[in-house]
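All remarks here apply to the structure that follows.
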Amino acid sequence: MLKGKSALVTGSTSGIGLAIARALAAQGANVTINGFGDKADIEKERGGIEKEFGVKAVYSAADMTKPAEIAEMVHTAEKTFGSVDVLVNNAGVQFVAPIEEFPIEKWDQIIAINLSAAFHAVRAAVPGMKSRKWGRIINTASAHSLVASPFKVAYVSAKHGLAGLTKTVALEVATFGITCNCISPGYVWTPLVEKQIPDTAKARGMTEEQVKRDVLLAAQPTKEFVTVDEVADLALYLCSDAAKAITGANLSIDGGWTAE
Ligand code: NAD
């Protein structure tokens, strides 16, 4: 489905981003992966994608808090593969604390990575997509782009902002064969969720087991975590021709969370 196309997935050294990058490569796209982590582990993932799917995969170490590095990553991907046809803005971080104790630098970091990075990447990738009259922009938002939870002020604000960015971009590129959507997962079992459990336990005065049962899965009527592969399949669908009329949408994949 994506043979000859090139995809760039931010925050794809782990979790949802890695699953999306692998799914796009499985459909024949050359991929740029990005994110932090152990160098040897990243190289193993990159090489594994090439071997398993017979595509080219490159790694960009661009830091999503740095606008110049983001633009450079997009331009390098264009130079390497001739285009960026699919852009997935997925990098994200979380921090949990009551607002009066919320560290200012954590607010700035979360807004930069979870919201501003998407602006910088879309800004750099859209001219090429417009010239080729085809593009798919997918932003990993969250159920927290639609509803709030206490103690996540920066994350909820950034994800609501990302939903607004998605709609605005969709309108601007609608006549150029480009779609722009966001995917809003509920709780997906990844390092991002695992790492917030101790702080949530502290903020709510609960044990870690209680947080899993009474906070995380309590939000999801299915009582199950969403899987990274389910999110990746939705991203793939958005890249298909069948999805060309879906744009500016915020697609929930949250086990019913935001239906309540
Ligand atoms: P994760 O921690 O497994 O992955 C996050 C990725 O972002 C990693 O590759 C990490 O290296 C990268 N990253 C972090 N800071 C970066 C920076 N400054 N520059 C470049 N890359 C950076 O988490 P995940 O759960 O897979 O999250 C991926 C996206 O999904 C995030 O946007 C997150 O908000 C969103 N999301 C996750 C869940 C969930 O329950 N896991 C639910 C809804 C939305």
> Which of the residues that make up segment 134-159 are without any contact (Cβ under 8 Å) to a residue 60 or more places away in the chain and among the charged types (D, E, K, R)?
Replying inline: 152, 159
> From the residues in segment 7-22 that are crowded, with 24+ Cβ neighbours inside 10 Å and not aliphatic (A, V, I, L, M), which one is farthest from residue 228 (Cα to Cα)?
Replying inline: 10
> Does segment 161-175 contain at least one residue that is within 13 Å of the ligand (Cβ to nearest atom), open to solvent by less than 60 Å² (accessible area, probe 1.4 Å) and assigned to a strand (DSSP E or B)?
Replying inline: no
>> Looking only at segment 71-86, count every residue that is surrounded by fewer than 20 Cβ atoms within 10 Å (Cβ to Cβ) and within 16 Å of the ligand (Cβ to nearest atom) and tell me the total.
In response: 3
> Right, residue 94: part of a helix (DSSP H, G or I), among the polar types (S, T, N, Q) and within 13 Å of the ligand (Cβ to nearest atom) or not?
Replying inline: no
> For segment 112-144, what are the residues that are in a helix (DSSP H, G or I) and within 12 Å of the ligand (Cβ to nearest atom)?
Replying inline: 112, 113, 114, 115, 116, 117, 118, 120, 121, 143, 144
> From the set of residues in segment 208-225 that are closer than 18 Å to residue 149 by Cα and either touching a strand residue (DSSP E or B) at 6+ places or on another chain (Cβ under 7 Å) or of a type in the set (Val, Ile, Thr) (or both), which is most open to solvent (accessible area, probe 1.4 Å)?
Replying inline: 225
> If you take the residues of segment 1-22 that are of a type in the set (Lys, Arg) and assigned to a loop (DSSP other than H, G, I, E, B), which of them is farthest from the ligand (Cβ to nearest atom)?
Replying inline: 3
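Results for (1) within 19 Å of the chain's Cα centre (by Cα); (2) open to solvent by 10 Å² or more (accessible area, probe 1.4 Å), shown as yes or no for each residue.
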| site | (1), (2) |
| --- | --- |
| 88 | yes, no |
| 94 | yes, yes |
| 98 | no, yes |
| 104 | no, yes |
| 144 | yes, no |
> Here is a list of conditions, (1) assigned to a helix (DSSP H, G or I); (2) within 17 Å of the chain's Cα centre (by Cα), and residue 182 meets all of them except one; can you say which number that is?
Replying inline: (1)
> If you take the residues in segment 23-49 that are without any contact (Cβ under 8 Å) to a residue 12 or more places away in the chain and either within 8 Å of the ligand (Cβ to nearest atom) or open to solvent by less than 60 Å² (accessible area, probe 1.4 Å) (or both), which one is farthest from residue 232 (Cα to Cα)?
Replying inline: 47
>> Condition first: more than 7 Å from the ligand (Cβ to nearest atom) and buried (at least 18 other Cβ atoms within 10 Å of the Cβ). Now tell me which residues in segment 189-202 satisfy that.
In response: 196, 197, 200, 201
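The values are calculated or read from the model by the stated rules, or taken from the named source; none is laboratory data. Remember, predicted model here, so these are calculated numbers, not experimental data. All Cβ positions, even for glycine, are placed from backbone atoms using ideal geometry, and neighbour counts span all protein chains on display. We work out accessible area using only protein heavy atoms, side chains counted, and drop any ligands, DNA or RNA first. Shrake-Rupley method; radii C 1.70, N 1.55, O 1.52, S 1.80 Å.
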